[in-house]
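Have a look at the structure below before the remarks.
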Amino acid sequence: LYKEMKEMIPVKEVVDFLGARYDGHNIKSLIKGKLSNLDTDAMLIDAGTIPLDSLKIMIKDGNFESLPDELKVSVQKALEDYKNLPDPQSIDITIDEGTYKYMLSIAQKSDMQYLVDTVKLMIDVINIKSFLRIKRQDRGIDLMAKVYIEDGTLDKDLFISSMNEPIENFSNKLLLTDHMKWVKEGIDEYLKNDDIGSIEKFGDNYIIDYIKKAKYVSFGPQPIVAYIIARENEIKVLRIILTGKKNKVNPNIIRGRLRDVYV
């Protein structure tokens, strides 16, 4: 998908700002493989902005000078932190933050506000999902402060101040934002079925609703971004169905986990 889009689209940032997520995924996989002395090549996805062969050499040799600044800083920090506390989750947290900084940097260089807005929206959704998962696990303020990703539109204090309040009150804190509706619906469904996957589903559906506005735009990056995200969403839906069938999950449960599709 990404290879084809790069060949078709003259402005590379329109594709690269989304492809950067796969750079983050690949870096995490390679670092964990190196630290655990395991071959993680099968986990790599050739859809990022950095060629896989180059990335593998960088991680293997420990030479990160050719990485984009945002990723270089996060890789160096992740490895340094791991020396002090060997926690794989800490690697994920640090690389994720660097990845979204890199995405935002690409979007800003494009001078296309839609790309910037899309990254900020994704950061908001991730921060909300993280908050609700941490609330469910009763893991507290320190973890939320650690996993919070900067550069979205929702301030860290919003999440920290809500950590000791009932989860059903959180959507009210989002009253003046575009997130209130999906968060309330997601929390309501989660409270009914005790499945945190409800939050994931409603967050993903919110992003699909956001890109559906591209149908009314004739020129600009919107239709391209919408196409890429929609195709990725379809793959996710297919994976949910196949995984559910493989594990003999009740069809009604599978149906409840399915995301909306872009039509």
Checklist entry - Among the candidates Met43, Met8, which residue alone is surrounded by fewer than 20 Cβ atoms within 10 Å (Cβ to Cβ), touching a His at 6+ places or on another chain (Cβ under 9 Å), of a type in the set (A, V, I, L, M) and free of Cβ contacts under 8 Å to residues at least 40 places away in the same chain? => result Met43
Checklist entry - What single numbered condition from (1) surrounded by 20 or more Cβ atoms within 10 Å (Cβ to Cβ); (2) over 20 Å from the mean Cα position of the chain (by Cα) fails to hold for Pro86? => result (1)
Next on the checklist: Considering only residues that are assigned to a helix (DSSP H, G or I), of a type in the set (A, V, I, L, M, F, W, C) and more than 22 Å from Pro223 (Cα to Cα), which ones fall in segment 233-263?
Outcome noted: Leu238, Ile240, Ile241, Leu242, Ile253, Ile254
Next on the checklist: Looking at segment 63-88 only, could you name the residues that are assigned to a loop (DSSP other than H, G, I, E, B) and within 14 Å of Leu35 (Cβ to Cβ)?
Outcome noted: Leu85, Pro86, Asp87
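Name the residues in segment 193-235 that are of a type in the set (D, E, K, R) and either more than 17 Å from Met5 (Cβ to Cβ) or surrounded by 20 or more Cβ atoms within 10 Å (Cβ to Cβ) (or both), would you? Before you say what the answer is, go through the steps one by one.
Taking segment 193-235 first, the residues of a type in the set (D, E, K, R) are 194-195, 200-201, 204, 209, 212-213, 215, 231-232, 234.
Result: Asp194, Asp195, Glu200, Lys201, Asp204, Asp209, Lys212, Lys213, Lys215.
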Item to check | Sole residue being under 17 Å from Leu121 (Cβ atoms), more than 20 Å from the chain's Cα centre (by Cα) and without any contact (Cβ under 8 Å) to a residue 24 or more places away in the chain, chosen from Lys213, Lys173 | outcome: Lys213
Checklist entry - Among (1) within 15 Å of Val75 (Cα to Cα); (2) touching a Gly at 6+ places or on another chain (Cβ under 6 Å), where does Glu97 come up short? => result (2)
Checklist entry - Which of the residues that make up segment 64-90 are touching a residue at least 12 places away in the same chain (Cβ under 8 Å) and of a type in the set (A, V, I, L, M)? => result Leu67, Leu71, Val73, Val75, Ala78, Leu79
Checklist entry - Of the residues that make up segment 15-36, is at least one over 16 Å from Thr99 (Cα atoms) and part of a loop (DSSP other than H, G, I, E, B)? => result no
Item to check | Answer residue from segment 175-192, given it is assigned to a helix (DSSP H, G or I) and out of contact with any Asp or Glu (no Cβ under 9 Å at 6 or more places or on another chain) and is surrounded by the most Cβ atoms within 10 Å (Cβ to Cβ) among those | outcome: Val183
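Here's the yes/no breakdown for (1) on the phi > 0 side of the Ramachandran plot; (2) of a type in the set (A, V, I, L, M, F, W, C):
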| residue | (1), (2) |
| --- | --- |
| Leu174 | no, yes |
| Asp194 | yes, no |
| Ile199 | no, yes |
| Phe202 | no, yes |
| Ile224 | no, yes |
| Tyr227 | no, no |
| Glu234 | no, no |
| Lys246 | no, no |
| Val249 | no, yes |
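Quick note: the coordinates plus some simple rules give every number you see, no bench work behind them. A quick note: this is a predicted structure, and the numbers were derived from the prediction, not measured. Positions of Cβ are generated from backbone atoms using ideal geometry, with glycine treated the same way; all protein chains shown enter the neighbour counts.
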